[in-house]
Amino acid sequence: DQQVKQNSPSLSVQEGRISILNCDYTNSMFDYFLWYKKYPAEGPTFLISISSIKDKNEDGRFTVFLNKSAKHLSLHIVPSQPGDSAVYFCAASAKGDKIIFGKGTRLHILP
Amino acid sequence: DSGVTQTPKHLITATGQRVTLRCSPRSGDLSVYWYQQSLDQGLQFLIQYYNGEERAKGNILERFSAQQFPDLHSELNLSSLELGDSALYFCASSAGTGPYGYTFGSGTRLTVV
């Protein structure tokens, strides 16, 4: 039973445009959300996070939006760069518990 | 280099065998987490240790076991291996027990033939 769902296995975006990666969750106890990025042959690395008391968090080119009523979050990357090509994992945690990950979305940035 | 060391990087073994995967956490981190990434699956949480004690258990099979030693390194033991156990096994560490500051190793790729 997937508590964190990333329904798009892959996404292709032109360099310089906006990349939007989506994530849905089912567990209403989740109160902390994260995005991790993974390159081939490497472990996932932390990208950005958001607490459930906020609806937006920004860090440079990366912004995460949280819609609690819809149990939906999204990651926006603006502008997209070639180095952003990677697998992005959406993740969540409930009450300081361990992190639960989605299946990931592979982002391809096209030249 | 993330500071989390996993060995070996690759492992090929036969069905029915037993293997041990090793993880050395980042210096100062007390928590170790094990995750499994199979084809078409995300990172499935297996188990967490904090300062030598088991803290949380996920979808870990009975054929699998883990422990964290006094020097804080951890080992994941997989026995009676099946073809379906072929996967990437990641270890992560963090300072505390919350969902903050997980640092992942580069993983061990296990292939069961």
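The values are calculated or read from the model by the stated rules, or taken from the named source; none is laboratory data. All values reported here derive from a predicted model rather than from experimental measurement. Neighbour counts run over all protein chains shown; Cβ positions are idealised from the backbone, glycine included. With ligands, DNA and RNA removed, areas are computed over all heavy atoms of the protein, side chains included. Shrake-Rupley method; radii C 1.70, N 1.55, O 1.52, S 1.80 Å.
For region A:89-94, putting each phi into the Karplus relation 6.51 cos²θ - 1.76 cosθ + 1.60 with θ = phi - 60° gives couplings of 10, 8, 8, 8, 9, 10 Hz, in residue order, rounded to whole numbers and with x for Gly and Pro.
Taking 7 Å steps out from each Cα toward its Cβ at residue A:8 and residue B:109 produces label points 2.8 nm apart. When accessible surface is computed with a 1.4 Å probe, chains A and B are found to bury approximately 1500 Å² between them, both chains counted. Residue by residue along A:42-49, Cβ atoms of other protein chains within 10 Å of the local Cβ number 5 on average. Look at the alpha carbon pairs under 8 Å that are at least 6 residues apart: their mean separation over the length of chain A gives a relative contact order of 38 percent.
With charges only on Cβ, +1 for K and R and -1 for D and E, what is the dipole size of chain B about its Cα centre, in debye, rounded to 20? Provide the component values of the computation, followed by the final result.
Details: 8 positive and 10 negative charges, 24 e Å.
Taking the Cα centre of chain B as origin, the dipole is about 120 debye.
Using only side-chain charges placed at the Cβ, +1 for Lys and Arg and -1 for Asp and Glu, the dipole size of the protein assembly as shown relative to its Cα centre rounds to 280 debye.
Taking all protein chains in place and a 1.4 Å probe, what share, in percent, of the accessible surface of the protein assembly as shown do carbon and sulfur account for?
Details: 5130 of 10680 Å².
After summing per-atom areas, the C and S share lands at 48 percent.
Counting only Cα atoms, chain A measures 41, 27, 21 Å along its principal axes, largest extent leading. Averaging the sequence gap over all C-alpha pairs within less than 8 Å and six or more residues apart, then dividing by the number of residues, gives region B:34-77 a relative contact order of 27 percent. With Cα atoms as the point set, region A:49-111 shows a radius of gyration and Dmax of 12.9, 42 Å.
FRET efficiency for the residue B:1 to residue B:97 pair, using the beta carbon distance and R₀ = 30 Å, is estimated at 0.75. With the highest mean first, a sort of the peptides A:8-18, B:90-100 on other beta-carbon atoms found within 10 angstrom per residue produces B:90-100, A:8-18.
In sequence order, region B:16-24 has phi-based couplings of x, 7, 10, 9, 10, 9, 10, 9, 10 Hz under the Karplus curve 6.51 cos²θ - 1.76 cosθ + 1.60, θ = phi - 60°, and Gly or Pro positions carry x.
As a length-normalised measure over Cα pairs under 8 Å and 6 or more apart, the relative contact order of chain B settles at 37 percent. Taking one quarter of the surface of the convex hull spanned by the alpha-carbon atoms of chain B gives a direction-averaged projected area of 6.4 nm².
Could you tell me which of the pairs A:56/A:98; A:95/B:9; A:5/A:95; A:54/A:98; A:5/B:9; A:56/B:57 are separated by over 24 angstrom between their Cα atoms in the structure shown?
Details: A:56/A:98 22 Å; A:95/B:9 33 Å; A:5/A:95 19 Å; A:54/A:98 20 Å; A:5/B:9 29 Å; A:56/B:57 31 Å.
Among A:56/A:98; A:95/B:9; A:5/A:95; A:54/A:98; A:5/B:9; A:56/B:57, the Cα-Cα distance tops 24 Å for A:95/B:9; A:5/B:9; A:56/B:57.
Taking region A:80-104 and a reference point 7 angstrom along Cα→Cβ of residue A:20, the backbone N atoms nearer than 16 Å belong to A:80. Which residues among region A:25-39 fall inside the zone where the amide N is under 13 Å from a point 7 Å beyond the Cα of residue A:67, along Cα→Cβ? Counting backbone N atoms under 13 Å from the label point, the list is A:25.
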